[in-house]
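Asks: First the structure, then my questions, so here it is.
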Amino acid sequence: MPVLPSYVAGAWRAPSTDGVPMHDAVTGEEIGQLSTQGIDLSGALGHGRAVGGPALRELTFQQRAALLKSLGSFLREHREELYAVSARTGATLGDSKFDIDGGIGVLLTYASKGKRELPAGGVLVDGAVEPLGRGGTFVGQHIWTSLRGVAVQINAFNFPVWGPLEKFAPAFLAGVPSLIKPASPTAFLTHRLVELIVESGLLPEGSVQLIAGSAGDLLDHLTEQDLVGFTGSASTAAKLRTHPAVVGNAVRFTAEADSLNCSILGPDAEPGTPEFDLFVKGLTTEMTVKAGQKCTAIRRALVPTHLVDAVAEAAAARLAKVTVGNPANPDVRMGALAGLEQREEVRRSLKALTDVASIVFGDPEQVDVVDADADRGAFLSPVLLKATDSDRDEIHSVEAFGPVSTLIGYGSLDDAITLAARGRGSLVGSIVTADPEVARALVLGVAPWHGRLLVLDRDDAGESTGHGSPLPTLVHGGPGRAGGGEEMGGIRGVLHHMQRTAVQASPQALSAITGQWVAGAGRTVTDVHPFRKSLADLRVGDTVVAGPRTVTLDDVDHFAEFTGDTFYAHTDEDAARANPFFDGRVAHGYLVVSFAAGLFVDPEPGPVLANYGLENLRFLTPTYPGDSLTVTLTAKAITPREGEYGEVRWDADITNQDGASVAKYDVLTLVAKEWPQ
């Protein structure tokens, strides 16, 4: 049988010996072997640091986001091929789409996030500039910069496409190369994924590598700039977390471990309600998608004691309709587990659970299958259990990582919260109720033990992505047994691969470091209005100073009448004087902002294509009739976008005749990259 090569140091490299066999989960046939004997794992890390990292950091956030989009589009064109390979892992077509389309979706989501939310260049600022001195010449700001190491992935077998891609996307966007180590049972699918990535030719060399086999001495060579992202069992996570190199170098280590996730049925969800049906459907779906091999699957179903039998009956009826067998058969709804060894592991866990729970549905030792051999393939019947004693530790500590779940009765909401917490930390939990007060009590009660919570009811069910579906915009991870880490979460996942540093400097130096204008830094005023400059010509610090314009009482009256904003502070002198913040009638804040726009705007057609918003608007000093307003508009940040335009953020400072700031805000405009276009 062929031994899969590893992709390291820019080439596919074969190991020096035969290795561990991989098997088709459906037929038991040997597919190939895995080995890293003779593979220079230290050299792979060195290649990522010396070649991949610098190449990625040469690109801006925007350019890296564009490459993620291109890669997602490329892989989408090869989905059918990946589906075919995925079937050999025991996955149905629906399972394969969950894994493969989900992984591609992560790439595209991070591409969009990078395009919309990250700045030009490679430095990301964190929070506002902090004044550190009275004179404004000494300021501080936190910045994020890319780590100079490699993001090492050690993945689980259950999601051989989504698993690597959900870790790869935020690391790539952060400018950090990845080294992927897939789990052995399904490594052949991850291998084909990486082959496609390499064949695409889209990514800089060194930005992604693959070791097909044991991690060997890989962790021995980690440095303080490297990261490890692990998905798998809590026991393996504990072993890796205490590796001498991880501890000694304070390597960032993130674990996403299997957990005993729960779903809680609210006491209001009686049979016949939409919520009751949603709960039963969600429970059985989580038991059978990917044959229950999901770290987010429902392992504990918490149900009001008086509804346990009703839920058991309804769930058993749904499970009886599930056809188990060869995923190639379109009638099959649940495929095989990842391998025979995994099936035996589930059976061992079931033996421990059946000592404290009775079987409501299924037989752990036999199952009827379609178009397959039940002994050669890793098939197992869905098994629904009912706890005989909800207080037994086994119910809350033993996980059967397959199509298995346990019904557990609870009395009060406090009882449900206590039982949920017995899982000692979970990736996800769900609460199914139509009562908002029940939802509030349960969410606030169980949230400290959960990384994500789904509140499901008849209103959101139509759009809900379900209990077991992590989303790239939300964090994936959980406390305690779940590993104590976080992945994804939108830009949060990018920041995990970067270092936050507090920088203290003069405004001028800080502006140069961040690429953004900082109050107190120099401004550039020229004869050319900044609105006449294309993105190619505009520079951070370019400024226009316009005004003054005097605000009259007629202006205030007209604005009040024209807009309908007749708030007393603008129309009633006595009432305004009685207000502790004013000395009489004041101009509308939006009148002030409108006058400022009239002062700084260059009205002729030009490179400024649109104003698409204001941010951080604050009114700082009242404007009274007779005050004279001047506005200073400064190019604060310039971010090129895809296409023929970019985004310019302007700092607007409106001052009165005394030099006091009346209002401050950011103006957002879209500006052509070249003009004329």
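The values are calculated or read from the model by the stated rules, or taken from the named source; none is laboratory data. Owing to the predicted nature of the structure, the values given are computational and were not obtained by experimental measurement. Cβ placement follows ideal geometry from the backbone for every residue including glycine, while neighbour counts extend to all protein chains displayed. The protein model used for the area step is the full one, side chains on, heavy atoms only, and it has no ligands, DNA or RNA in it. Shrake-Rupley method; radii C 1.70, N 1.55, O 1.52, S 1.80 Å.
Asks: Condition (residue is part of a helix (DSSP H, G or I) and under 26 Å from residue 28 (Cα atoms)) applied to the stretch 312-333: is it met by at least one residue? Spell out how you get there, then give the answer.
Replies: First pass over the stretch 312-333, keeping only residues part of a helix (DSSP H, G or I): 312-319.
Checking which are under 26 Å from residue 28 (Cα atoms) leaves us with 319.
Looking for residues that are part of a helix (DSSP H, G or I) and under 26 Å from residue 28 (Cα atoms), one finds at least one in the stretch 312-333, hence yes.
Asks: Still on this structure: Return yes or no: is residue 504 out of contact with any Ser or Thr (no Cβ under 6 Å at 6 or more places or on another chain), open to solvent by 70 Å² or more (accessible area, probe 1.4 Å), not in a strand (DSSP E or B) and not aliphatic (A, V, I, L, M)?
Replies: When the stated conditions are applied, residue 504 does not pass them.
Asks: Here's something else I'd like to know. Could you please tell me which pairs satisfy a Cβ distance under 7 Å, a separation of 6+ or placement on different chains, a first residue in the stretch 235-246 that is without any contact (Cβ under 8 Å) to a residue 40 or more places away in the chain and open to solvent by less than 90 Å² (accessible area, probe 1.4 Å), and a second residue that is in a helix (DSSP H, G or I) and aliphatic (A, V, I, L, M)?
Replies: Close Cβ pairs satisfying both conditions: 243/219; 245/219; 246/219; 246/240.
Asks: For residues in the stretch 75-111 being closer than 20 Å to residue 24 by Cα and in contact with a strand residue (DSSP E or B) (Cβ under 8 Å, 6 or more places away or on another chain), which is most open to solvent (accessible area, probe 1.4 Å)?
Replies: First pass over the stretch 75-111, keeping only residues closer than 20 Å to residue 24 by Cα: 79-100.
Narrowing the set further to residues that are in contact with a strand residue (DSSP E or B) (Cβ under 8 Å, 6 or more places away or on another chain) leaves 88, 92.
Values: 88: 77, 92: 13 Å².
Out of the qualifying residues, it is 88.
Asks: Which residues, taken from the stretch 278-311, are closer than 17 Å to residue 388 by Cβ, open to solvent by 10 Å² or more (accessible area, probe 1.4 Å) and hydrophobic (A, V, I, L, M, F, W, C)?
Replies: Within the stretch 278-311, just 308 meets the criteria.
Asks: Regarding the stretch 338-345, can at least one residue be identified that is closer than 23 Å to residue 186 by Cα, assigned to a loop (DSSP other than H, G, I, E, B) and touching a residue at least 12 places away in the same chain (Cβ under 8 Å)?
Replies: Restricting attention to the stretch 338-345, the residues satisfying the condition of being closer than 23 Å to residue 186 by Cα are 338-345.
Pick out the ones that are also assigned to a loop (DSSP other than H, G, I, E, B) and you get 338-339.
Keeping just the survivors that are touching a residue at least 12 places away in the same chain (Cβ under 8 Å) gives 338-339.
Yes, the conditions are met somewhere in the stretch 338-345.
Asks: Just for the stretch 343-360: of the residues that are polar (S, T, N, Q) and open to solvent by 30 Å² or more (accessible area, probe 1.4 Å), which one is modelled with the highest pLDDT?
Replies: Taking the stretch 343-360 as the starting set, the residues that turn out to be polar (S, T, N, Q) are 349, 354, 358.
Going one step further and asking which of them are open to solvent by 30 Å² or more (accessible area, probe 1.4 Å), we end up with 354, 358.
On the way: 354: 91, 358: 94.
Among residues in the stretch 343-360 that are polar (S, T, N, Q) and open to solvent by 30 Å² or more (accessible area, probe 1.4 Å), the one modelled with the highest pLDDT is 358.
Results for (1) β-branched (Val, Ile, Thr); (2) open to solvent by 40 Å² or more (accessible area, probe 1.4 Å); (3) within 24 Å of residue 234 (Cβ to Cβ), shown as yes or no for each residue.
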| site | (1), (2), (3) |
| --- | --- |
| 448 | no, yes, yes |
| 454 | no, no, yes |
| 463 | no, yes, no |
| 469 | no, no, yes |
| 475 | yes, no, yes |
| 483 | no, no, yes |
| 486 | no, yes, yes |
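Asks: Turning to a different aspect of this structure: Keeping to the stretch 609-630, report how many residues are open to solvent by 60 Å² or more (accessible area, probe 1.4 Å) and in a loop (DSSP other than H, G, I, E, B). Walk me through it before giving the result.
Replies: Of the stretch 609-630, the ones open to solvent by 60 Å² or more (accessible area, probe 1.4 Å) are 609, 611-612, 614-616, 618-620.
Subsequent filtering for residues that are in a loop (DSSP other than H, G, I, E, B) retains 620.
Within the stretch 609-630, residues that are open to solvent by 60 Å² or more (accessible area, probe 1.4 Å) and in a loop (DSSP other than H, G, I, E, B) number 1.
Asks: Within the stretch 656-677, how many residues turn out to be part of a strand (DSSP E or B), touching a Pro at 6+ places or on another chain (Cβ under 9 Å) and within 29 Å of residue 586 (Cβ to Cβ)?
Replies: Taking the stretch 656-677 first, the residues part of a strand (DSSP E or B) are 661-672.
Now restrict to residues that are touching a Pro at 6+ places or on another chain (Cβ under 9 Å): 662, 671-672.
Those left that are additionally within 29 Å of residue 586 (Cβ to Cβ): 662.
Going through the stretch 656-677 one residue at a time, the tally reaches 1.
Asks: Name the residues in the stretch 582-608 that are assigned to a loop (DSSP other than H, G, I, E, B), open to solvent by 30 Å² or more (accessible area, probe 1.4 Å) and under 25 Å from residue 645 (Cα atoms), would you?
Replies: Filtering the stretch 582-608 down to residues assigned to a loop (DSSP other than H, G, I, E, B) leaves 582-588, 601-607.
Checking the rest, the ones that are also open to solvent by 30 Å² or more (accessible area, probe 1.4 Å) come to 582-583, 585, 601-605.
If the condition is that a residue be assigned to a loop (DSSP other than H, G, I, E, B), open to solvent by 30 Å² or more (accessible area, probe 1.4 Å) and under 25 Å from residue 645 (Cα atoms), then 601, 602, 603, 604, 605 are the ones that fit.
Asks: Considering 647, 604, which residue is at pLDDT below 95 and farther than 26 Å from residue 64 by Cα?
Replies: None of the others qualify; the one that does is 604.
Asks: Could you list, in sequence order, the residues of the stretch 642-668 that are touching a residue at least 40 places away in the same chain (Cβ under 8 Å), open to solvent by 30 Å² or more (accessible area, probe 1.4 Å) and more than 17 Å from residue 596 (Cβ to Cβ)?
Replies: 642, 645, listed by residue number.
Asks: How many residues does the stretch 393-440 contain that are of a type outside the set (Val, Ile, Thr) and crowded, with 17+ Cβ neighbours inside 10 Å? Let's see the steps before the verdict.
Replies: Taking the stretch 393-440 as the starting set, the residues that turn out to be of a type outside the set (Val, Ile, Thr) are 393-394, 396-397, 399-403, 405, 407, 409-416, 419-427, 429-430, 434-437, 439-440.
With crowded, with 17+ Cβ neighbours inside 10 Å added as a condition, the list becomes 396, 399-403, 405, 407, 409-410, 413, 416, 419-423, 425-427, 429-430, 434, 439.
Of the residues in the stretch 393-440, 24 are of a type outside the set (Val, Ile, Thr) and crowded, with 17+ Cβ neighbours inside 10 Å.
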